[in-house]
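Single-structure report; data block below.
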Amino acid sequence: MSDSHTHDVSKHVRSYVLVFAALAVLTIVTVWVASFEFTVGAAVAVALIIATFKGSLVASFFMHLVSEKKAIYWLLALTAIFFVVLIFLPLGAMLDHQGTPNVP
Amino acid sequence: MSHSADAVSHADAHAHHEESFWRKYVFSIDHKVIGIQYAITSLLFLFFGFCLMMLMRWQLAFPYEPIPLIGSLLSESMAPGGIMSPEFYNSLGAMHGTIMVFLGVVPLAVGAFGNFVVPLQIGAPDMAFPKLNMSSYWVYAAGGVVMLASFFAPGGAANSGWTSYPPLSDIATTGQTMWLLGMVLLITSSLLGSVNFIVTIIQLRAPGMTWMRLPFFVWAQLVTAFLLLLAFPPLEAAGVLQLMDRLAGTSFFLPTGLVVSGEALSVSGGGSPLLWQHLFWFLAHPEVYVLILPAMGIVAEIIANNTRRPLFGYRSLVFSTIFLGFMSFIVWAHHMFLTGMGTSISTFFQTTTMIISVPSVVILSALFLSLWGGSIRFTTPMLFALGFLPMFGIGGLTGLPLGLSATDIPLHDTYYVIGHFHYVVAPGTILALFAGIYYWFPKATGRKMNDRLGKLHFWGTITFMNVIFMPMFIQGLAGVSRRLYDGGAQYAHAAPVLEWNVVMSIGAWALAIAQIPFFINFFRSMFKGEKVKDGNTWEATTLEWSAAPSPPIAHGNFETVPSVYRGPYEYSAPGFPQGYAPQNAPEKA
Amino acid sequence: MDIPYTVDARPDTGMYNAKLGIWLFLASEVMLFGALFSSYILLRVAAPEWPRGASILSVPLATLNTMLLISSSVTMVMSWASLKMKKFGAYRVYLGLTLLFGLGFLIVKSFEYGAKFSHHLYPGDSTFMAIYFTLTGLHVLHVLGGMIVNAYLWGPGAKMWKTAPEQFTNRVEVAGLYWHFVDLVWIFLFPVLYLL
């Protein structure tokens with residue numbers, strides 16, 4: 001543990017506080033935006049964009065993914081692919097369905 | 001120098017420090033002991049699952065006749081008057097599948113062989129998280145106990161098939177709740193295990209053990225661990241949802257307006273039975289590769305060792321395995337062609353299914369080609385490994401018609417499907433697992449198993465397995481459905497192929513008799529088997545044989561940390577005195 | 001026998017064992033919650049009508065809970081940073097705050113559940129209530145699990161700081177990664193269940 005490392009960390013502390021502030025503000029924003037009378041599609045898009053942005057702030061800084069090792073990026077990329085598969089393929093199967101469309 | 005001195009003092013410290021019986025054999029954190037615990041437990045479950053099937057085979061061959069001997073031992077609800085009740089038949093079917101897959105084959109292939117062999121083959125002192133390893137065994141054991149206890153639940157054990165499709169399973173008896181709880185425990189256990197395997201393989205490889213020097217078995221286990229890690233959680237989620245349906249009255253899998261026994265069910269409805277099928281097969285298709293990949297790994301090790309030459313196309317084996325693992329996540333809905341699936345999605349899943357058969361064929365071909373020009377030693381493990389190749393070939397090729405919807409639609413849920421996946425898992429995987437037992441038994445005990453009994457075991461097993469499973473294709477092509485209480489006796493279209501039921505049942509009971517040499521061999525060899533003189537009884541190149549004594553030292557495996565200088569299968573190395581080059585032998589011997 | 005790389009990073013991968021282990025575990029958690037979100041989407045798309053969360057659930061309470069969780073996340077990362085800077089006292093304060101915020105979250109959540117039950121709203125009432133109780137219930141279990149680990153690291157586990165400070169710092173980092181993930185799940189649960 002060198003001094004440079006300690007110095008490094010104290011620099012990070014400032015970014016933690018900034019991220020916290022951003023998360024708090026975005027929480028207010030998402031609640032405020034939800035009070036508008038959007039269509040469902042637009043409301044989903046806006047809410048998910050804000051949530052994704054918040055989530056990536058947490059992952060990048062609190063979970064320090066910005067400076068993480070390559071193996072972890074690979075792992076998360078793989079997981080992300082299967083996550084997308086898991087979300088969209090059952091949905092696709094339901095929408096492309098013979099018979100009564102409303103009952104999946 | 002200082003390294004080896006350090007290791008010696010370590011060994012001394014261990015010799016002086018006696019562990020209690022409990023720490024050493026029961027709550028051990030040594031991967032070798034845990035591996036053996038897994039092996040014994042899962043072999044018992046395999047035997048138990050097989051017994052369930054032998055009971056069912058009586059009802060299939062001789063419907064409505066009292067079961068001899070055992071019939072009178074069963075409770076009144078299971079077999080009134082010694083005749084198997086339909087409910088009990090359903091329980092046996094569901095629990096046979098569950099036990100064989102989740103409590104038998106996977107724990108043996110991954111928990112036992114993975115645990116015992118992987119750290120030794122990569123030159124690691126243990127798994128990365130020994131205590132986690134111990135807890136995954138005990139969580140698995142708890143899951144097994146819950147599953148066994150469910151036979152005594154009111155209404156008997158789970159009886160909605162091993163796939164537990166709702167809405168049937170949502171309204172089934174208490175046994176289904178216990179099945180779900182058992183599954184949650186088993187899933188947790190394999191999650192803990194897979195995290196441990198991946199970290200061990202990535203982090204604890206010995207110096208010089210680069211990725212392309214890993215034995216193929218380790219690669220197979222690594223890909224398997226990733227499948228378990230990422231495919232099992234969706235089934236855990238589905239299990240939680242079904243538990244909510246059963247315990248909290250929700251309707252995740254219950255559609256609106258469901259009528260049961262002439263009465264409308266008083267639930268909110270709005271759920272989707274197909275949701276369960278998606279989540280279930282999201283796991284259960286990769287699970288097929290969890291069953292087969294470790295078996296391929298075992299077979300590859302044994303073939304290289306007994307042909308005395310390098311595996312054909314090591315790199316293509318590795319990349320095929322990785323590709324296979326990846327693709328296995330996007331083929332699952334070929335189990336669901338009959339659910340009213342539209343043509344676009346169906347085309348997608350048919351295409352991916354055809355694509356995934358390519359790496360499987362590459363692997364099988366590479367293993368076949370590895371035999372070319374080798375001076376084959378027909379040892380017992382090699383016989384089992386050789387038996388695996390054509391059996392898995394039959395299992396794999398009969399799967400192709402099931403992956404195309406035009407041919408799947410008439411074959412779906414017939415005995416053809418049963419024949420297909422049993423060829424993959426029973427004469428396929430289970431033969432490979434036996435091969436692994438014969439191959440690594442000397443490593444675990446320091447004694448070899450008897451060759452004569454081993455060969456007797458092999459010929460009996462492979463013969464009767466074919467007697468059981470080959471007629472299933474005939475029945476299935478004639479359109480006989482699976483899960484029929486009387487084996488099809490009440491259907492006219494089944495009449496011409498009905499007599500095969502008796503043949504298959506006799507085959508199943510004969511298969512049990514064929515296992516007697518194995519039981520005798522297993523227990524006798526433990527105490528009376530031929531002692532392994534130097535550790536490396538098979539003259540193998542991989543670290544578990546070339547760098548560690550048999551059995552390896554408790555807690556630490558190796559006296560000194562081995563260094564790796566070359567790939568895993570250099571069996572023809574003229575510069576070396578024995579003619580082969582162990583991975584840990586320096587350049588100039 | 002010592003297992004290598006329990007404290008120091010393996011040179012070629014750059015990680016110590018538990019760091020890789022926790023990320024693998026989190027990957028499996030992503031798939032667990034992924035399956036539940038997938039179920040949510042499937043059921044919602046198939047439903048003839050779907051209530052707006054705000055019409056049934058309390059957005060102010062959930063907003064408060066969001067604030068509590070993101071606060072607990074920042075104090076969690078501060079407690080790890082304090083250990084990195086060798087300030088054990090500050091570590092205790094920050095991790096204690098994390099625990100308090102977590103407790104606050106659970107208290108607010110129990111008020112929410114209580115309010116639903118007192119209005120006779122149960123999981124079996126509708127698909128929406130079913131998915132609401134299942135998702136939040138599973139999330140609460142994750143919060144509880146994280147709090148047990150954090151409480152151990154705050155109390156009896158903290159003795160390790162004297163004997164093996166680097167390993168202890170790693171443990172706090174790993175516990176933190178899990179805790180941030182639990183926060184991250186909530187960041188998605190909040191709009192999905194309450195706002196849409």
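The values are calculated or read from the model by the stated rules, or taken from the named source; none is laboratory data. If you're wondering where the values come from, they're calculated on a predicted model, not measured in any experiment. Using ideal geometry, Cβ is built from the backbone for each residue, glycine included, and neighbour counts are taken over all protein chains shown. Ligands, DNA and RNA are stripped out before the accessible areas are found, and what is left, the full protein with its side chains, is counted by its heavy atoms. Shrake-Rupley method; radii C 1.70, N 1.55, O 1.52, S 1.80 Å.
At-a-glance table
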| item | result |
| --- | --- |
| Meets criteria (touching an Asp or Glu at 6+ places or on another chain (Cβ under 7 Å) and of a type in the set (A, V, I, L, M, F, W, C)) for B:ILE553 | yes |
| Search result, residues across region A:10-37 that are more than 7 Å from chain C (Cβ to nearest Cβ), under 15 Å from C:VAL192 (Cβ atoms) and open to solvent by 30 Å² or more (accessible area, probe 1.4 Å) | none |
| Single condition C:LEU121 does not satisfy, out of (1) buried (at least 16 other Cβ atoms within 10 Å of the Cβ); (2) in a loop (DSSP other than H, G, I, E, B); (3) away from chain B (no Cβ under 14 Å) | (3) |
| Checklist (1) touching a Phe, Trp or Tyr at 6+ places or on another chain (Cβ under 8 Å); (2) closer than 25 Å to B:SER42 by Cα applied to B:TYR415, failing item | (2) |
| Test: residue in region C:52-74 that is in contact with a helix residue (DSSP H, G or I) (Cβ under 8 Å, 6 or more places away or on another chain), of a type in the set (Val, Ile, Thr) and at the interface with chain B (Cβ under 9 Å from one of its Cβ atoms) | no |
| Any chance C:PHE188 is part of a helix (DSSP H, G or I) and buried (at least 20 other Cβ atoms within 10 Å of the Cβ) | no |
| Tally, over region B:159-210, of residues that are part of a loop (DSSP other than H, G, I, E, B), among the β-branched types (Val, Ile, Thr) and either within 22 Å of the chain's Cα centre (by Cα) or away from every other protein chain (no Cβ under 12 Å) (or both) | 3 |
| Residue count, region C:156-174 (criterion: open to solvent by 10 Å² or more (accessible area, probe 1.4 Å), touching a residue at least 24 places away in the same chain (Cβ under 8 Å), assigned to a helix (DSSP H, G or I) and away from every other protein chain (no Cβ under 12 Å)) | 4 |
| B:PHE523 being open to solvent by less than 50 Å² (accessible area, probe 1.4 Å) and at pLDDT 95 or above | no |
| Those residues of region B:466-483 which are in a loop (DSSP other than H, G, I, E, B) and either free of Cβ contacts under 8 Å to residues at least 12 places away in the same chain or open to solvent by less than 20 Å² (accessible area, probe 1.4 Å) (or both), in sequence order | B:VAL480 |
| Index of the failed condition, C:TYR5 passing every other in (1) farther than 30 Å from B:ASN557 by Cβ; (2) of a type outside the set (A, V, I, L, M, F, W, C); (3) surrounded by 17 or more Cβ atoms within 10 Å (Cβ to Cβ) | (1) |
| Index of the failed condition, B:ILE376 passing every other in (1) away from chain A (no Cβ under 14 Å); (2) not in a loop (DSSP other than H, G, I, E, B) | (2) |
| In region B:174-190, residue least open to solvent (accessible area, probe 1.4 Å) [restricted to those that are of a type in the set (S, T, N, Q) and closer than 20 Å to B:GLN277 by Cα] | B:GLN176 |
| Matching helices (runs of 4 or more DSSP H) fully within region B:498-581 where at least 1 residues are closer than 23 Å to B:GLY208 by Cβ | B:543-546 |
| Selection count, region B:115-158, where residues are in contact with a Gly (Cβ under 7 Å, 6 or more places away or on another chain), within 14 Å of chain C (Cβ to nearest Cβ) and over 30 Å from B:GLY567 (Cβ atoms) | 1 |
| Near pairs, Cβ below 7 angstrom, 6+ apart or cross-chain, from region C:33-57 (open to solvent by 40 Å² or more (accessible area, probe 1.4 Å)) to any residue that is assigned to a loop (DSSP other than H, G, I, E, B) | C:ARG44/C:TRP50; C:PRO48/A:ASN102 |
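For (1) within 14 Å of chain C (Cβ to nearest Cβ); (2) closer than 18 Å to B:TYR25 by Cα; (3) open to solvent by 20 Å² or more (accessible area, probe 1.4 Å), each residue gets a yes or a no:
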site	(1), (2), (3)
B:PRO86	no, no, yes
B:ASN90	no, no, yes
B:GLY93	no, no, yes
B:HIS96	no, no, yes
B:GLY104	no, no, no
B:ALA112	no, yes, no
